[in-house]
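Got a structure for you, questions after.
The values are calculated or read from the model by the stated rules, or taken from the named source; none is laboratory data. This one's a predicted model, so the numbers in the text were calculated from it and none came from an experiment. Every residue, glycine among them, receives a Cβ derived from its backbone with ideal geometry; neighbour counts consider all protein chains shown.
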Amino acid sequence: MSRRIPLVLSALVLSGALAACGTSVASNTTLSQPTLPLSGLPGASGGGTSKTTTTLMPSQQVAASVSGNRVITIGDSVMASTSRRYSNDMCDALVPLGWQVEVDAETGRFIPFGNKVLDNRLSAGWDAAVILLGNNYLEKQNDYRTELERMITRLSPRPIVLLTVTEFKPSRAQVNAVIHEMALKYSNIMVVDWATTTADNPGYTGGDHLHLTTEGRKALAQNVALALGEAPVKPGQCLTTSFIDDSSGPVTGTSVPYRPVLTVPTGSQAPSTTQGSTGGGTTQPPPPPTTVVGATTTPTPTTAPHTQGTTPPTG
């Protein structure tokens, strides 16, 4: 079992370190004081849950442990809001770093959605994975743990970045406890502490304290970029996805211009133009385990009712 040592790093310091080491950040990305708590980093010493300030070295980023540049990201509405059919922030942040990115995220999705995505896309060949699931949660911790660990097992030994979820409800602390538990159990997990980031930066979420504002989406993508680092090979590319069902509710805490995109469903030869709707959905520690935090704005989101089982999705 790997030892977990949380560390805290200013993204402003980190961006300078990345530049010094030859790692670039997208020119249209503004790093506005996110923090990056890192856990289980190679070469760290100590124990317990003490925190300190450090510089994330290139050898501690996901890129250092892979030879390719294909990354799959899986999530609910929080992740979906950064996709091509909305803000495109995830590709804007990762493609300039050389990553070929597929954002498989839909609104209102619970943890089983992750394994559904892997059923369809795991065989496509990936070098790393990013997972943000758990905003929609039925408050059954063992079920959540089982599904998440199944995803980890299927993706391993690839590096996996797990993002903690915003604790807009007390029960989401159960989700985050499982995520940190996985980081202790599996050495290829890096945890990005999005829960801490949004708690420290309320302007990252809208009136529902979950869905992201313009600055929140950018910060989420920036944090993922900092965890991944610069891909070992290029070029980068924003890949298409067949997971585009956003009928469950809104994806954002602020208004995002509609951007129709050309989508090629898996296994299809002919592309078709697909419209992105204003949907709703939700959210969710390679090398070492890691964690990320992160800007500010205060728009008010809208929420749409949704029904799934006995508990409606929230993101």
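Could you tell me which of the residues Ala219, Ala231 is modelled with pLDDT of 95 or more, within 17 Å of Met90 (Cβ to Cβ), small (Gly, Ala, Ser) and part of a loop (DSSP other than H, G, I, E, B)? Steps first, answer last, please.
Values: Ala219 fails: part of a loop (DSSP other than H, G, I, E, B).
None of the others qualify; the one that does is Ala231.
Just checking, does the range 63-75 include any residue being crowded, with 22+ Cβ neighbours inside 10 Å and under 23 Å from Asp200 (Cα atoms)?
Yes, the conditions are met somewhere in the range 63-75.
Which residue pairs have Cβ atoms under 6 Å apart, sit 6 or more places apart or on different chains, and have a first residue in the range 143-168 that is among the hydroxyl-bearing types (Ser, Thr, Tyr) and a second that is assigned to a loop (DSSP other than H, G, I, E, B) and crowded, with 20+ Cβ neighbours inside 10 Å?
As it stands, the answer is Tyr144/Ile111; Ser156/Asn188; Thr164/Asp193; Thr166/Leu210, since those pairs meet every condition given.
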